[in-house]
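Presented below is the structure to which this report refers.
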Amino acid sequence: GGTLGSAAARTGRYFGTAVSASKLSDSVYTGILSREFSMITAENEMKIDATEPSQNQFSYANADRIVNQATSQGARLRGHTLAWHQQQPGWMQGMEGTALRQAMLNHVTQVATHYRGKIYAWDVVNEAFEDGGSGARRNSNLQRTGNDWIEAAFTAARAADPGAKLCYNDYNTDDWTHAKTQAVYRMVQDFKARGVPIDCVGFQSHFNPNSPVPSNYQTTLQNFANLGVDVQITELDIEGSGTAQANNFRTVTSACLAVSRCTGITVWGIRDTDSWRASGTPLLFDGNGQKKAAYTATLEALNGD
Ligand code: G3I
């Protein structure tokens, strides 16, 4: 394949990117988007603060612009995200207990119902585990509603959109020996054992010198896949430049291709200047929209070259 999407399709996979609705009027941006990418994640527009700015009043205009872009270019959509401790609207931030649990479940049900049949995979729950060595759940208002909040969210999402794959998504879960990785693994193992509906695990894969691509990355993907879930690389970016960065993108791409249940890769933005990182050059295209060495290495890896 001559593009990321067509090269990924060679092995039945997708290649996606995060998209910002505010950039859909930039023709350089949309030119690369429609040429290269077969999966789209809304960078912010499907989050809780965007879709339910006032309680029980839903707002889909910006998200729908991204849905329409996906339709027009024949790309699929990852839904991001139904339940998260961040980017909660003000009304939700102050809530606790039963009221919050009900509000969260209502949000999951309403948004998943709105997009029923249009989403390939939902990040149902995002970033629910603590960093560091504890392996504990992150202390958040959602966690304080009871340890079963995650499975309750998955059950509600399945009921609302039975055709979508339901994912748990997190970062710093790439190194197999990391306590956070082990904790997420045990949760997924427990969900599968008890029949809680979960289909996939998303590995955000935000890499930088302090958090490099671990040597056991492929092992991690394979071990999760062995639990009977798909795995997806959901928010890939890698700080760096030149050959070193290119080699890291090659390593990550090859790891996904080596795991049969790794169904696709999404990068978190198109050009370096589109990145959420204030500085740095972590993506596949430079600020002018030109292909970087990291692009070529990724394309070669997708093509098996
Ligand atoms: O749109 C407003 C703009 O009107 C305002 O003037 C400006 C002033 O700060 O803020 C703009 O909103 C910002 C928004 O991005 C759009 O640019 C928010 O402040 C900012 O917080 C928000 O950041 C997003 C971040 O999630 C929030 O948690 C990033 O774009 C987005 O890339 C990032 O994505 C997350 C994933 O969802 C989960 N995993 C980590 C990843 C990177 O942090």
Response to the item:
Considering residues that are under 17 Å from residue 51 (Cα atoms), surrounded by 14 or more Cβ atoms within 10 Å (Cβ to Cβ) and charged (D, E, K, R), the number found within region 94-117 is 0
Fill in: Residue count, region 238-259 (criterion: in contact with a Pro (Cβ under 9 Å, 6 or more places away or on another chain) and surrounded by fewer than 24 Cβ atoms within 10 Å (Cβ to Cβ))
4
Worksheet item: Looking at region 142-192, which of its residues are closer than 25 Å to residue 111 by Cα, within 16 Å of the ligand (Cβ to nearest atom) and either charged (D, E, K, R) or surrounded by fewer than 19 Cβ atoms within 10 Å (Cβ to Cβ) (or both)?
Response: 170
Worksheet item: Within region 270-277, is there a residue that is in contact with a Leu (Cβ under 7 Å, 6 or more places away or on another chain), assigned to a helix (DSSP H, G or I) and not charged (D, E, K, R)?
Response: no
Discussion item. Can you pull out every residue in region 4-18 that is within 14 Å of the ligand (Cβ to nearest atom) and either of a type in the set (S, T, N, Q) or assigned to a helix (DSSP H, G or I) (or both)?
Written reply: 17
Discussion item. One residue is enough: does region 83-94 have a residue meeting the conditions closer than 30 Å to residue 175 by Cβ, touching a strand residue (DSSP E or B) at 6+ places or on another chain (Cβ under 6 Å) and among the polar types (S, T, N, Q)?
Written reply: no
Worksheet item: Counting just the residues of region 258-280 that are free of Cβ contacts under 8 Å to residues at least 60 places away in the same chain and among the hydrophobic types (A, V, I, L, M, F, W, C), which one comes out farthest from the ligand (Cβ to nearest atom)?
Response: 258
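Among the residues of region 235-257, write down those that are more than 15 Å from residue 275 (Cβ to Cβ) and in contact (Cβ under 8 Å) with a residue 40 or more places away in the chain. Steps first, please.
Kept after step one, since they are more than 15 Å from residue 275 (Cβ to Cβ), are these residues of region 235-257: 242-244, 246-248, 250-257.
If the condition is that a residue be more than 15 Å from residue 275 (Cβ to Cβ) and in contact (Cβ under 8 Å) with a residue 40 or more places away in the chain, then 242, 243, 246, 247, 248, 250, 252, 253, 254, 256, 257 are the ones that fit.
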Worksheet item: So how many residues does region 175-203 have that are touching a residue at least 60 places away in the same chain (Cβ under 8 Å) and closer than 22 Å to residue 276 by Cβ?
Response: 1
Worksheet item: Got a number for residues in region 194-220 being in a loop (DSSP other than H, G, I, E, B), farther than 16 Å from residue 253 by Cβ, within 16 Å of the ligand (Cβ to nearest atom) and in contact with a strand residue (DSSP E or B) (Cβ under 6 Å, 6 or more places away or on another chain)?
Response: 0
Response to the item:
Considering residues that are touching a residue at least 60 places away in the same chain (Cβ under 8 Å) and of a type in the set (Asp, Glu), the number found within region 37-69 is 1
Worksheet item: Within region 174-209, which residues are among the acidic types (Asp, Glu) and more than 14 Å from residue 226 (Cα to Cα)?
Response: 174, 175
Worksheet item: Can you pull out the residues in region 70-79 that are of a type outside the set (A, V, I, L, M, F, W, C) and in contact (Cβ under 8 Å) with a residue 40 or more places away in the chain?
Response: 73, 76, 78, 79
Worksheet, complete the sentence: residue 283 fails exactly one of (1) in a loop (DSSP other than H, G, I, E, B); (2) among the hydrophobic types (A, V, I, L, M, F, W, C); (3) without any contact (Cβ under 8 Å) to a residue 40 or more places away in the chain, namely (3)
Practice prompt. Determine which single condition residue 82 fails, assuming it passes every other condition in (1) in contact with a Phe, Trp or Tyr (Cβ under 8 Å, 6 or more places away or on another chain); (2) over 18 Å from residue 149 (Cα atoms); (3) not small (Gly, Ala, Ser).
Written response: (2)
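Bear in mind that the values in this text are calculations on the coordinates, not laboratory data. In this text the structure is predicted, and so the values were computed from the model without any measurement. No Cβ is skipped: glycine too gets one built from the backbone with ideal geometry, and neighbour counts run over all protein chains shown.
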